[in-house]
Every structure is written in C-alpha cells, then in structure tokens.
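The values are calculated or read from the model by the stated rules, or taken from the named source; none is laboratory data. These numbers come from a predicted model, not from an experiment. Reconstructed Cβ throughout: ideal geometry from the backbone, glycine too, with neighbour counts over all protein chains shown. Areas reflect the complete protein model, heavy atoms only, side chains present, ligands, DNA and RNA absent. Shrake-Rupley method; radii C 1.70, N 1.55, O 1.52, S 1.80 Å.
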Protein chains: 6
Amino acid sequence: MRITVNRKAHFNAAHRLHRKDWDDETNEQVFGKCSNPNYHGHNYELVVAVTGNIDEETGFVMNLKDLKKLIYDKIEVPFDHKNLNVEVPEFKELNPTAENIAVVIWEKLRKELASHLDLEVTLFETPRNFVTYKGE
Amino acid sequence: MRITVNRKAHFNAAHRLHRKDWDDETNEQVFGKCSNPNYHGHNYELVVAVTGNIDEETGFVMNLKDLKKLIYDKIEVPFDHKNLNVEVPEFKELNPTAENIAVVIWEKLRKELASHLDLEVTLFETPRNFVTYKGE
Amino acid sequence: MRITVNRKAHFNAAHRLHRKDWDDETNEQVFGKCSNPNYHGHNYELVVAVTGNIDEETGFVMNLKDLKKLIYDKIEVPFDHKNLNVEVPEFKELNPTAENIAVVIWEKLRKELASHLDLEVTLFETPRNFVTYKGE
Amino acid sequence: MRITVNRKAHFNAAHRLHRKDWDDETNEQVFGKCSNPNYHGHNYELVVAVTGNIDEETGFVMNLKDLKKLIYDKIEVPFDHKNLNVEVPEFKELNPTAENIAVVIWEKLRKELASHLDLEVTLFETPRNFVTYKGE
Amino acid sequence: MRITVNRKAHFNAAHRLHRKDWDDETNEQVFGKCSNPNYHGHNYELVVAVTGNIDEETGFVMNLKDLKKLIYDKIEVPFDHKNLNVEVPEFKELNPTAENIAVVIWEKLRKELASHLDLEVTLFETPRNFVTYKGE
Amino acid sequence: MRITVNRKAHFNAAHRLHRKDWDDETNEQVFGKCSNPNYHGHNYELVVAVTGNIDEETGFVMNLKDLKKLIYDKIEVPFDHKNLNVEVPEFKELNPTAENIAVVIWEKLRKELASHLDLEVTLFETPRNFVTYKGE
C-alpha cells in the first residue's frame, strides 16, 4: 500500500544561464535574456514527494516535521537568498537551469532518505515553467 | 486510449492526531501540536482522478456530473463540517493522518466506480502538505 | 507618500458557531452545520496590511521581519492548532465568526503598532469566504 | 536520466457539448446546460509536459522558448478567442469535451516533437475540472 | 465598527465585444479578437463584498448562506453556461465588457440588499484581467 | 460612475537591499540575508489598477490592449531579467525595496495615463509579501 506525501517549500535566488566555455554571442543566442551577466532571479517553489508504505503505528509515510526540517537544512539554508552561480558549489561548473537545479536537489535529498522510500522533486522556476525529476 | 479526468472538491473538518494506546507524552512527542486534545481543523481540498477510455458516443470518460454527485454523497456529506475522530466511523480506531484519510476516501470511492476505471485521490491538508494514493 | 505593506500568514484551528444563551434548535437554525457541537476547522489565511510613510533611510514602511515576528507571536502562537472556542480566551464568550476573529486579530495587532501606522486585516476562512476589517 | 519540463499556457474559447445525430432532448439529458445551443465558454489552462534526457551542453530537455512558441503557433493561434465547434476544424464532427480537446492538442503537439521526447498534456476546463492525456 | 464580508462565486459564459451600430472593421479595430462573431468565453470569477456592522447577536454582517443563495439566484442562474449577448436581456443593447458586466451585477445585487449595507463587486474575466465596482 | 480595471503582469529580476553609505554590518543588521552582496531574486507579480468612468461608446475605462502594451513597454522591458541595482537607473541610488519599486513603477505609469484616470499599483515580491501604492 504505497502512498505519496508531498511537502511544499520555497527559496528566492539569483542565477544566470551561462557556459564559461562558450562566447557571449553563443550564450545570448541559446539562453537569451536568461544569460544576462548581471543575473536575474526567481521565487522558486519546490514540491518534494516521498512515496512509501504507511507506518501502521503512526499513520505516516514519514513525519512531515522531519521532511520539513530536511528540506530546510539541505535546500533552503544553502539556496535561499543566494546567487546560485556564485555561492552554491554544485553550480560552479554546472549551468543552473531548472532541470539541473532539480537534479541537484533530488541528489541532495535522496542520500538523506531511507532506501525504501521513493523520491520525486518538482521545481517551479516561475508559475508557468516547472520541472519534475524522480531519478530514473 | 486512456485519459484521466479530475474533479476538485473540498470539505472542512476538525481532527487530532492521537493513538488511544499511547500515553499523552508519546502522542505529543510524535504528533506535536497536531495531537491537541481539543482538536484543530483544516480546509481539505480533494482531487479525484478517474482514468479510463473515452466513450466514443459522449466524448467522456465518465460524466463529471455523476462524479461530482458521487464525491458529494460519499465524501462531502459524511466528512464536511464534522469532527473526523468523533463523528466519522472510519476514524474511530484509525488515526486521521492525511495518509489514512486519503486511503479511506479511495476505498469509499473505489467500490462505487466501474472496474475498468482506475482511481487516484490527492488530498491537500494544507496548501503545503498533501498526499496521493492510487491503491497500489 | 503613504504606502501599504502586506504580509500573509496562516494558522489551522477548530471552531464552532454557537451562542450559549440560545437553545440547540436556534443555534442550528442560524448557524447550520457550522454549529456542530463536535467542532469543525479551517486553514485560516491572514493578510496583515500596514500603511505608513516610507522611511527614507531604509526604504521600508516597517521591516517585514518585525511584522512577521509580531504576527507569529501575537496570532500564530495563540491560535495555530488550537480550538478557538475552548482554548483562546477572547472567544470564551464571543462567537468565533470570521468577522469576530478578524476584529480580535486587528485589536491584538493594533496595540503593538506605532500610532502613525494604519492597520487592516483580511482573514480567509475558506478560499471562498473572507472578511476585511480596518477598525473604522 | 529522464526529466520532465512543463510549460503553462492558456486560451479562451466558446464551445457547446452536442451530438448532431442526437435529438435535443438526448443532448440535454446527457450534457445538461453544457449543450446550450448558444454556447458558453471557458478560460482553458493548458500544461504541456515534455520528458527527455537533459542535453549536457545546454542543461535543457528542450529550450522552453521553442516549446512556448510551438504551443503558441499550434494551439493558441487556432484556439484562442475562437468558437471550438464552429471555427476549429478538428471539432466539426468531434464533440469538444475536455477529453477530446486534450487528445486533439496532444496529437497536434506530438507530431512537432522529436521522437525521443515523451508528451503529456493537462487541460483545465475550469479550476475544478481537468483532464490529463499522455497518448497511451 | 464596519467590516466587509466577501463571498466568491463563478460562472462560465460566452460573449463577444461588439456594437451593432459600428461596421465590422471598426468593431475589429477597437475590440480585436474579442469581437469574433462566433463568440469566445470565460470562466468568470466573482467576488461580492458586503460592508456593514457586525450584528451583536450572530456575529455576522449578514449570513453568508443568504449571500451565497442571493448570488446563486440573481447571478449564477441567469448567467452561468449562457451566451451573454444572446440570452441575458441586460446585454441585448449593452456591450458585455467586464466593466459593463460588473455594473449589471452590482445593480442586480444592490436592490436585494438592505440599505445600510455597502456593496462592491470584483469580476475576473481572466486571472490577469479584472474589474472592481462599488456604485460610486 | 467610477470603476477600476486591473491588469496583472510579471517580471523576474535580481536585487539586493543595501545602502552604499552604511557599512556591511549595518546593512546586514537591517536587511539581513536580503543584503547578500551577490544578489538574490524574485518573480515579481504586478497588478496595475486604473480607475475612471466607463466610456459609453466602448464600454471600457481604457482598452486593456493599450494598458497591457504600456506595462510591457515601460515596466517589463526595462525590469524583466535585469539586476535592479545594477541595470535599472532609478535604483542606482535608491534601495530597491518592494516599497520603492512600487513607487517607481507608479511614477513611470502615472505620466503615461490621462489625468482623469486614477492609478494604483500592487507589487508582489513573493506570494507572502506585497505592497500597494496609489500616489497619495
């Protein structure tokens, strides 16, 4: 009896889309105004979905207090009010597209969760653009 | 050609998280302020997703008027403006976590739907906490 | 140059609409299912709007960190995960309608704010029912 | 490493649910007020989900600028501010239920996307009624 | 002690923007694709705000059950799933812009409310376009 | 007969809260993590409200096509995907708090609107923090 519990969180960050090994013209051509060298930013909304069996004792898949704290410690503290390109080590060499940010978040959370739990993350870059990743 | 139709509904209810066979301290430790003996409450939002083939005559998987009525009769009438722990028989012995409420809703609706239809329910306890169950 | 800053907060609570000096039939007639003696509940969403001049030094009407903390201390701590009728002293004798809750919140916050600031509170009982009060 | 990118779009349109080969009474019985011969309408919200591998060069599954333009050219231009029954050729003989509209949108977009990409469309007819189709 | 209670409702309708006394070219020039002779439509969201004193007995400005029924009888029944230009008498000669629809709604509700109550209506034509009218 | 028409728009931008004439410690004390020298960012949502009489010919206060274009030209083009502190001249010496951004937007739009129209702008920095300014 597998069920999915979801927890929403958010963080605000600056970023730019940019490859150091491309010239400015190519960056501009592929990434458009998202490659602005002075950065722009987003209110990222994150949905973390954990799937597992319901614990018969508690009625929980996992205690959402724990999931909330995990997201806070591992994602919100290092990402919130930060410049992703400059201050978050994972994006020193990796282009912070919504896709890549979602994969990084998934990998950071995956290693903190018990192995019998499945994990999916959804990241809204804007209310109209979002990505979903489940590690497959 | 399987397609999913979704219908949103809502109900307001009081509940507390609590196990009768645990002492107060353990309930408090596991469930925190959700175990308040005087109850608290939520505006539960429910999404019922029914998957099936499109009927060639009507262009419907099922008539949403029927699905709306089914949700009203089987879920809203018994749950809305109720105290889940006290007044809803399914939770007399079952802790009304979001997970358990979602399973109860799924089971109540499953027996009313034709067997060729698949069912998934999503239950929002708050805009930030929600669960999804599809009976697998 | 008056400007309004708004901060959203939320709390979950149980309540019932009920007058002790009315018999059950009258309570039921006026308040309907909202008078259920076993309580029901809501995810209350609160918008606190503070109007004042922009401080030329900071560019703030007031620091939202302070407003957030004020709402937390004065409203969320005493109201969240509580039974309004039973546990919140202001509603011992006062019917916790959305109107009365909004007035109580306004009065609790008003006394904490500098007198040159205007205050308005909006309280959503559900996404479809909400009230606005500005102390006039 | 499959990941899904989603793009939201919208269009406003008139429609009615109606079968030419049924008499008025049968149309009314099955489709209710949705069969009004003078039409009614909706703000349709569309979510297009494309699943594929992340391109290592760009960090994109596909450039959302291209997906946005594709949705605009193939769906918004022919559907927005139109009468679906009268002006959109796909619905000359096909009843424009949410299910059928979603399938038509899926088929129009599917032929424009590279074959290694998977496609799912979600169409909101109202905030409470929506359908999801992935071509299976 | 004036307070405002708000109730949200919605209706789906077809319309077109059009003046009979203008030629097609002028209609097209001023109203653009909104003048499509075959109509388009919207999910209109309506917020009705009633301001008055709190009744000390009930704790209500007015019973929301009554306001809900009033909106249903006077607005939803005549407008929902209708073609505003063709089927709603108020728009036989009046162009159904959001502004004009809001004024018509206000006038229909105003005459049903006690004179000591103030009324404001907000009408969303789309999530991005909306109007507010309070009869002044 | 005054009525208000509202148009929503949005832009994504980077910013930091910071006064050049304060030392780092004071900036940090007052503005907290919002003063991060590497910037962070937001999806700003903007609601522009224009109040006037309904033109009897068109049924409009003003044509929303014109208002949409005005917001695009005067606000979205200069602000979207920009670093407010670095690239938007109005914030070279002015701290880009939500309050100050709202005032700048109001002033830019005010000079483009006919004098018989009133203007109010609401700017959401996040879904929980927003400001409203009407030039009084």
Could you list, in sequence order, all residues of the range C:1-12 that are open to solvent by 40 Å² or more (accessible area, probe 1.4 Å) and either closer than 18 Å to residue C:82 by Cβ or basic (Lys, Arg) (or both)?
-> C:2, C:8, C:10
Restricting the first residue to the range F:69-92 and requiring it to be touching a residue at least 12 places away in the same chain (Cβ under 8 Å), which pairs with a second residue that is in a loop (DSSP other than H, G, I, E, B) and among the aliphatic types (A, V, I, L, M) meet a Cβ separation below 9 Å and a spacing of at least six or different chains?
-> F:70/F:113; F:79/F:88; F:82/F:88
Here the qualifying pairs (Cβ atoms under 9 Å; residues six or more apart or on different chains; first in the range E:54-68 and within 7 Å of chain C (Cβ to nearest Cβ); second assigned to a helix (DSSP H, G or I) and among the acidic types (Asp, Glu)) come out as E:54/C:99; E:59/C:99; E:60/C:99; E:61/C:99
Consider residue A:104 carefully, then state whether it is touching a helix residue (DSSP H, G or I) at 6+ places or on another chain (Cβ under 8 Å), hydrophobic (A, V, I, L, M, F, W, C), free of Cβ contacts under 8 Å to residues at least 24 places away in the same chain and closer than 30 Å to residue F:79 by Cα.
-> yes
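For the range E:59-102, which positions are β-branched (Val, Ile, Thr) and in contact with a Leu (Cβ under 9 Å, 6 or more places away or on another chain)?
Within the range E:59-102, E:61, E:71, E:75, E:97, E:101 qualify.
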Please identify the pairs in which a residue from the range B:110-127 that is of a type in the set (Lys, Arg) has its Cβ atom under 8 Å from the Cβ atom of a residue that is not in a loop (DSSP other than H, G, I, E, B), counting only partners at least 6 apart or on another chain.
-> B:110/B:119
